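Presented below is the structure to which this report refers.
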Amino acid sequence: MIIPYNLLITVYYLCYCCLLPFFLLAGKPRRKILNRLGIIRARRHKIWIHAVSGGEAVLSKTILKLLGTDDAFITTMSDNGYETLERIYAGSRVEYSYLCLDFFPAVFTLARRISSSFFLCLEHDSWPNLLRCLRRNGCQLFLLNAFIKKNDLDIFRRFPGIFDFIHKPYHGLLAQNPDTAELFKSITRLEVKAFGNLKYASVPSAQKIKFPAAKKIIICAGSTHDREEKIIIDAASSLLKKHACLLIIAPRHSRCRELSSLLSTLPYRWKLFSEKRTEAADIILCDQNGLLCSLYKACDISIVGGSFIDTRGGHNILEPGYFGKPVIYGNFMVNYSELTGELEKKKMAFRCSAAELGRTIEKLASSKTLREKCGQGLRKKIITEQKKLSNLKKVIGAD
């Protein structure tokens with residue numbers, strides 16, 4: 001199987017080289033093009049982490065904290081991942097780049113140059129040639145936070161041997177939970193352990209924010225996308241009309257001009273967060289970056305965006321949970337499916353449709369006891385999981 005694979009990769013690599021002028025004319029980042037060809041400047045590092053995209057790039061910081069080191073080289077595949085790495089590690093000892101194509105000469109050279117003792121791939125995205133080169137160099141390889149999508153599971157079951165061909169060099173697969181570990185065991189003979197979801201180990205930082213509407217229920221809708229704001233405002237309308245709640249909207253990306261136009265057509269009093277004097281507001285639109293966790297900390301009820309439309313898959317539900325806030329999300333929350341099933345079963349989080357959202361908000365708004373029970377239950381779950389994850393260093397043999 002390795003010979004046909006390398007023939008395909010070689011053809012792909014040569015095609016990529018032929019298309020270089022078009023990539024440059026199209027404005028693709030020069031660094032990305034060079035990195036993909038294997039032209040990467042980096043020194044030796046003990047730890048090599050591969051983070052597919054932005055979410056995994058953020059998680060890499062948690063991994064290094066658990067391992068107690070910054071002697072690391074981190075690779076990614078996406079522009080979002082690279083921008084996230086730039087933001088997190090600028091000026092630090094950690095080096096980062098796009099990962100090169102899995103062309104044997106390129107990955108062989110890179111593996112020799114980095115000479116890492118541990119290679120940690122986060123969640124998925126494995127490269128057979130790279131893994132084999134690293135293993136031959138004596139590197140310990142682990143797939144961390146491993147999970148598998150249903151479609152991928154069906155493919156691996158239909159074509160036995162493909163999974164082990166890709167993942168055979170790994171010394172261990174650390175699955176997010178026992179159920180996922182059993183799924184992996186059904187398709188591979190590799191060593192699989194149920195270690196836990198490393199996203200629990202991330203500790204969000206937040207500043208203290210006070211709102212004048214102390215007697216109102218404060219609802220924070222975070223990381224919302226186009227169309228979701230209107231869904232959430234309509235769902236909270238009965239409370240807004242009675243001035244019984246303060247709705248804070250922290251949209252994904254800079255969409256304040258668009259949302260200002262929307263809010264101006266509605267019969268509610270609203271202000272921008274930057275205006276400061278928000279005493280009389282029913283809705284506050286956050287127009288500043290980096291405040292989401294602080295807003296979650298200040299609220300009574302959290303609504304996580306990207307989950308009421310079918311194109312985003314949902315955003316981080318653990319950020320409000322860490323601060324002991326009850327969490328509501330939509331039926332399109334799929335990115336955290338490994339977590340949400342357990343949370344919903346134990347009534348630590350609420351999944352609902354757009355039509356059900358209003359009733360869910362009112363249910364939580366009317367009962368402080370229910371809010372505290374749900375929020376503190378989720379917080380205890382997060383803290384318990386964090387303690388379990390603290391032995392990562394021992395599990396991979398890096399102590």
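The values are calculated or read from the model by the stated rules, or taken from the named source; none is laboratory data. Everything numeric in this text was worked out from a predicted model, so none of it was measured. As a convention, Cβ positions derive from the backbone with ideal geometry for all residues, glycine included, and neighbour counts pool all protein chains shown.
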I283 - would you say it is crowded, with 23+ Cβ neighbours inside 10 Å and without any contact (Cβ under 8 Å) to a residue 40 or more places away in the chain? no
Give the residue that is farthest from F103 (Cα to Cα), with candidates limited to residues of region 1-43 that are surrounded by fewer than 17 Cβ atoms within 10 Å (Cβ to Cβ) and among the aromatic types (F, W, Y). F22
Are any residues in region 58-107 assigned to a loop (DSSP other than H, G, I, E, B) and more than 30 Å from P4 (Cβ to Cβ), and if so, which ones? G68, T69, D70, D71, A90, G91, S92, R93, V94
So is L143 in the same structural domain as A194 (by TED's automatic domain parsing), modelled with pLDDT of 95 or more, buried (at least 18 other Cβ atoms within 10 Å of the Cβ) and part of a strand (DSSP E or B) or not? yes
Checking F308, F332, F323 in turn, the sole residue that is among the aromatic types (F, W, Y), surrounded by 14 or more Cβ atoms within 10 Å (Cβ to Cβ) and closer than 22 Å to N177 by Cβ turns out to be F332
Somewhere in region 230-237, is a residue among the aliphatic types (A, V, I, L, M), surrounded by 21 or more Cβ atoms within 10 Å (Cβ to Cβ), outside the structural domain of Y170 (by TED's automatic domain parsing) and not in a helix (DSSP H, G or I)? yes
Of residues in region 44-67 being surrounded by fewer than 19 Cβ atoms within 10 Å (Cβ to Cβ) and at pLDDT 95 or above, the one nearest to the chain's Cα centre (by Cα): K46
Leading residue by the ranking (surrounded by the fewest Cβ atoms within 10 Å (Cβ to Cβ)) among those in region 195-229 that are of a type outside the set (A, V, I, L, M, F, W, C) and within 30 Å of K393 (Cβ to Cβ): S205
If you scan region 45-87, which residues turn out to be closer than 18 Å to C100 by Cα and aliphatic (A, V, I, L, M)? I47, I49, A51, V52, A57, A72, I74, M77, L85
More than 22 Å from S205 (Cα to Cα), part of a helix (DSSP H, G or I) and in the same structural domain as K380 (by TED's automatic domain parsing) - does that describe any residue in region 313-336? no
Mind telling me which of the residues L378, L392 ends up being over 19 Å from E229 (Cα atoms), modelled with pLDDT under 95, in the same structural domain as K276 (by TED's automatic domain parsing) and surrounded by 20 or more Cβ atoms within 10 Å (Cβ to Cβ)? L378
Filtering region 348-371 down to residues that are under 13 Å from I301 (Cα atoms) and in a strand (DSSP E or B) yields A349, F350
